[in-house]
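The structure under discussion appears below in the form of structure tokens.
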Amino acid sequence: MKKRILTLTLIFALLLTICALFTGCGEKTPAQTGTPSATEKPVKTTVLRASTPTAPEHAWTLALKKIADDIYERTGGRYKIDVYPNASLSEGNEKTMTEQIYTGSIDMGVSPASLCSPIFSAFSFPFLYEDREHIARVCDSDVAKEMLLTLEEKGMHAIAYVENGFRQITNNIREIRVPADTKGIKMRTPQSATTIACMEAMGFNAVAISAGELYVALSQGTADGQENALSTIYNNKYYEVQKYLTVVNYNWSPALIGVNSELWESLSDEDKAIFEEVIKDAAAYANEILASHDEELIDKLKEAGMQVYICTKDDIDLFKQAVVTDNLKNEYKKVVGEELLEKFLKAVEDNRG
């Protein structure tokens with residue numbers, strides 16, 4: 001009898017072991033399957049659209065791509081940002097792109113500051129700055145921060161200044177060394193009253209053309225020349241339709257990295273902090289790229305066939321005499337506002353080295 005009980009006990013234990021083995025092979029825990037448990041919520045991804053008027057290789061575009069990567073990582077995939085270079089959501093028109101950020105049809109982007117508001121034309125008053133360190137101090141001044149805040153009512157939460165570069169001059173007519181060489185040349189400008197005034201003061205015939213139409217305009221002779229940063233001249237391949245480059249550093253202008261105001265207000269405080277930190281880091285990244293590439297870009301433009309003239313101090317003094325006048329300053333006052341312009345110019349002087 002005892003032997004029979006022992007045998008039944010062993011059989012029962014064996015059956016339990018077999019059942020346990022089958023159960024272990026047939027079922028997995030949520031951690032094993034990779035599926036969320038009942039208490040875990042799946043990540044909801046919000047897709048945002050970011051745009052810039054520059055080519056895919058330009059530092060502004062690279063900055064947006066960096067923002068996209070860093071935001072995705074820092075938010076655990078809750079925000080995915082798709083980047084559209086060449087203002088491709090705006091038919092190549094940078095002004096339209098800026099307005100789309102205001103309305104929210106584009107969520108964020110890098111836009112020339114003067115298109116965001118005329119007051120930022122103050123930055124581009126000709127021949128203002130000693131060097132890039134001087135510019136950085138001006139961008140960090142109280143007046144520059146106050147200028148960013150004025151965009152909230154337009155629909156943009158502007159977070160950081162990013163370099164639009166020292167602007168140079170290219171053309172197809174002749175080598176330009178001094179203002180006397182500019183006569184009769186049709187110079188493309190953006191849709192900016194102050195840039196038009198500067199070009200006309202130099203002696204050019206100004207023609208306002210959008211960035212998306214510029215390459216064709218130069219190739220067809222609608223405009224003989226254009227003024228832009230070296231990075232834009234190279235990345236947009238203007239060397240294919242322009243023969244002469246004059247390095248004159250006649251002004252410096254910023255762009256802004258901004259987020260649609262309504263989107264910004266919808267973010268949690270934690271996400272606002274993440275976006276702000278990431279965007280400021282990306283602006284510094286873009287500025288570093290642009291500042292380090294000037295000499296390299298001049299060499300590349302020479303290799304591409306452009307004839308390059310680098311203005312001497314005496315040449316620049318002649319341009320200053322032609323351009324920096326009371327008449328030009330009055331034009332800037334009309335656009336920027338007299339009080340703000342004077343306040344800005346004071347900040348420039350206060351931040352000299």
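As a quick test, which of the pairs Lys313/Lys334; Lys154/Lys272; Lys66/Lys272; Lys183/Lys300 have an alpha carbon distance above 22 angstrom in this structure? Don't skip to the end; give the middle numbers.
Details: Lys313/Lys334 30 Å; Lys154/Lys272 19 Å; Lys66/Lys272 17 Å; Lys183/Lys300 28 Å.
Going by Cα-Cα distance, Lys313/Lys334; Lys183/Lys300 fall outside the 22 Å limit.
As a calculated quantity, the FRET efficiency between Leu267 and Ala180 at R0 = 51 Å, using C-beta atoms, amounts to about 0.40. For the pair Val216 and Val47 in one chain, pulling the backbone fully straight at 0.36 nm per residue adds 57.5 nm over the alpha carbon distance. With q set to 0.07, 0.12, 0.15 Å⁻¹, the log10 of I(q)/I(0) for the chain, from the Debye formula over equal scatterers at the Cα positions, is -0.37, -0.88, -1.30.
Estimated from the Cβ-Cβ distance and a Förster radius of 30 angstrom, the FRET efficiency linking Arg352 and Ala55 is about 0.30. Each Lys and Arg contributes +1 and each Asp and Glu -1, all at the Cβ; summed about the Cα centre of the stretch 101-260, the dipole is approximately 540 debye.
Across every pair of different alpha-carbon atoms, what Kirkwood hydrodynamic radius in Å does the stretch 137-205 reach? Before the final figure, lay out the partial values.
On the way: mean 1/r = 0.0671 Å⁻¹.
With all distinct Cα pairs of the stretch 137-205 included, I get 14.9 Å.
Residue order for Met199, Met97, Met306, fewest other beta carbons within 10 angstrom first, comes to Met306, Met199, Met97.
For the chain, excluding the exposed loop sites themselves (GluC sites (Glu not before Pro), DSSP loop, at most 13 other Cβ atoms within 10 Å), the longest remaining stretch covers 176-353. When the stretch 115-236 is described by a simple charge dipole with +1 on each Lys and Arg Cβ and -1 on each Asp and Glu Cβ, the residue from Asn172, Gln226, Cys116 located farthest towards its positive end is Asn172. Pick out the long, greasy-scoring helices in the chain: whole DSSP H runs spanning 27 Å or more along their own axis by Cα, mean Kyte-Doolittle at least -1.0. Helices passing the filter in the chain: 2-26, 269-292.
Which length gain, in nm to one decimal place, applies between Asp281 and Leu149 when the Cα-Cα distance is subtracted from 0.36 nm times their residue separation?
Numbers: separation 132, 0.36 × 132 = 47.52 nm, distance 1.95 nm.
This chain segment gains 45.6 nm when fully extended.
The dipole here belongs to the chain: it is taken about the Cα centre, uses +1 on the Cβ of Lys and Arg and -1 on the Cβ of Asp and Glu, and is about 1600 debye.
Bridge orientation summary for the chain: considering DSSP beta bridges with both residues in this region, about 55 percent are antiparallel. Loop-resident chymotrypsin sites (Phe, Trp or Tyr not before Pro) (DSSP state other than H, G, I, E or B) in the stretch 248-353 with no more than 12 further Cβ atoms inside 10 Å of their Cβ are absent.
Amide H contacts of Ala229: Gln168, each under 5 Å away and 5 or more positions distant or on a separate chain (H built 1.01 Å from N in the peptide plane; Pro and chain starts excluded).
Here the stretch 51-83 is scanned for amide nitrogen atoms under 19 Å from the site 7 Å beyond the Cα of Lys300 along Cα-to-Cβ, giving 52-66. Distance between the modelled labels on Asn205 and Gln321, one decimal in nanometres: 2.7 nm (7 Å Cα→Cβ projection).
With respect to the cross-link table entries Lys186/Lys343; Lys44/Lys145; Lys145/Lys333, which display a Cα-Cα separation exceeding 23 Å?
Values: Lys186/Lys343 34 Å; Lys44/Lys145 34 Å; Lys145/Lys333 20 Å.
Cα-Cα > 23 Å for Lys186/Lys343; Lys44/Lys145; rest within.
3J(HN,Hα) along the stretch 161-176: 7, 10, 5, 9, x, 6, 8, 10, 10, 10, 6, 10, 9, 7, 5, 10 Hz, from the Karplus curve 6.51 cos²θ - 1.76 cosθ + 1.60 with θ = phi - 60°, whole Hz, x for Gly and Pro.
Read-outs throughout are calculated quantities, based only on the coordinates presented, and are distinct from any laboratory measurement. Bear in mind the structure is a predicted one, so any value in this text is a computation, not a measurement. Reconstructed Cβ throughout: ideal geometry from the backbone, glycine too, with neighbour counts over all protein chains shown.
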